[in-house]
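One structure is given below, encoded as structure tokens.
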Amino acid sequence: MVKIAIIYHSKYNHTKALADSILEGAQSVENVQVKIFTTEEASKPETLKDLTDNYSGFIFGSPTYFGSPSAGFKEFIESTSSIFATRGWANKLASGFTISASRAGSKENTLIDLVVFAAQHGLTWVPLNLLPGHNSSTTTESNNNASGYFLGIGAQANADQGAEGIRQSDLESGKHLGKRFATFAKLYQPVIEELKL
Ligand SMILES: Cc1cc2nc3c(=O)[nH]c(=O)nc-3n(C[C@H](O)[C@H](O)[C@H](O)COP(=O)(O)O)c2cc1C
């Protein structure tokens with residue numbers, strides 16, 4: 001069974017809600033097992049070993065704090081140093097998502113940081129592949145990928161609300177990414193096996 005993991009950090013549950021929507025999309029794909037981890041859980045040595053030995057791909061999620069991944073997510077990044085050194089994640093798949101209060105809010109920078117993290121591990125990045133949803137006089141924020149990101153999901157949540165303040169269209173984008181990533185992981189599995197060190 002192909003296994004994928006969603007690994008996220010969230011202080012106020014916005015990133016968590018987005019992670020849950022990705023989980024829902026990924027679970028709709030047969031013969032793929034998907035598990036969700038907080039960065040705290042994922043950083044434990046035994047979990048890192050399990051992720052390295054048994055998983056084919058990771059979807060990374062962090063809120064955008066001051067235009068970059070949160071300190072919690074960065075701690076997770078740094079906990080993977082020994083895997084980096086032994087190329088334990090090389091040729092597996094990765095994708096990513098972030099959320100912030102502003103429509104833009106410097107989210108692109110967070111996504112780029114996630115791509116660089118993945119590239120340093122030799123992970124192969126799966127982009128969102130949704131057209132920008134809200135870029136004309138006839139579109140609204142209720143269209144998927146309303147903020148028009150390409151690398152991954154750049155979602156928006158109102159600063160004065162909990163998970164109910166997240167755009168529904170972003171949660172739909174989450175389901176899209178989960179389903180797309182799980183499908184990729186299933187089809188890509190022979191490549192991962194072929195390229196195993
Ligand atoms: C320390 C801190 C820094 C933040 N920096 C940004 C930012 O750079 N851009 C932005 O649009 N929102 C920013 N926000 C708002 C958060 O990105 C937003 O509330 C997000 O949805 C929180 O996700 P979480 O509930 O998963 O922690 C910041 C919030 C905090 C607490």
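Annotations for the structure displayed:
- All Cα-Cα distances of segment 64-144, cut into 5 Å bins from zero to the largest, leave 3, 14, 19, 21, 17, 11, 7, 4, 2, 1, 0 percent in each bin in turn.
- Accessible surface calculations at 1.4 Å, restricted to protein heavy atoms, place the chain at 47 Å² per residue.
- Quotient of Cα Rg and 2.2 N^0.38 Å for the chain, N being how many residues it contains: 0.96
- Relative packing of 82-89, 153-160, 93-100, which averages over residues the other C-beta atoms within 10 Å, highest first: 93-100, 153-160, 82-89
- Cβ-based net charge around Thr183, under 13 Å, with every Lys or Arg adding one and every Asp or Glu removing one: +3
- Tilt relative to the chain, helix 45-54 - C-alpha long axis, 0 to 90 degrees, to 10: 80
- In the chain, the calculated helix contribution to ellipticity at 222 nm averages -13500 deg cm²/dmol per residue, counting -39,500 (n - 2.57) for every DSSP H run with n ≥ 4.
- Solvent-accessible ranking of His121, His14, largest area first, probe 1.4 Å: His14, His121
- Scattering curve values for segment 15-98, log₁₀ I(q)/I(0), Debye with Cα scatterers, q = 0.22, 0.25, 0.26 Å⁻¹: -1.22, -1.45, -1.50
- Extension gain for Asn109-Ser136 works out to 7.3 nm (0.36 nm per residue, less the C-alpha to C-alpha distance).
- Accessible area of segment 2-195 belonging to carbon and sulfur atoms, whole % at 1.4 Å probe: 53
The values are calculated or read from the model by the stated rules, or taken from the named source; none is laboratory data. Since the model is a prediction, treat every value here as computed from it, not as a measurement. With ideal geometry, Cβ positions are generated from the backbone for all residues, glycine too; neighbour counts draw on all protein chains shown. Surface areas here come from the heavy atoms of the whole protein model, side chains and all, with no ligands, DNA or RNA. Shrake-Rupley method; radii C 1.70, N 1.55, O 1.52, S 1.80 Å.
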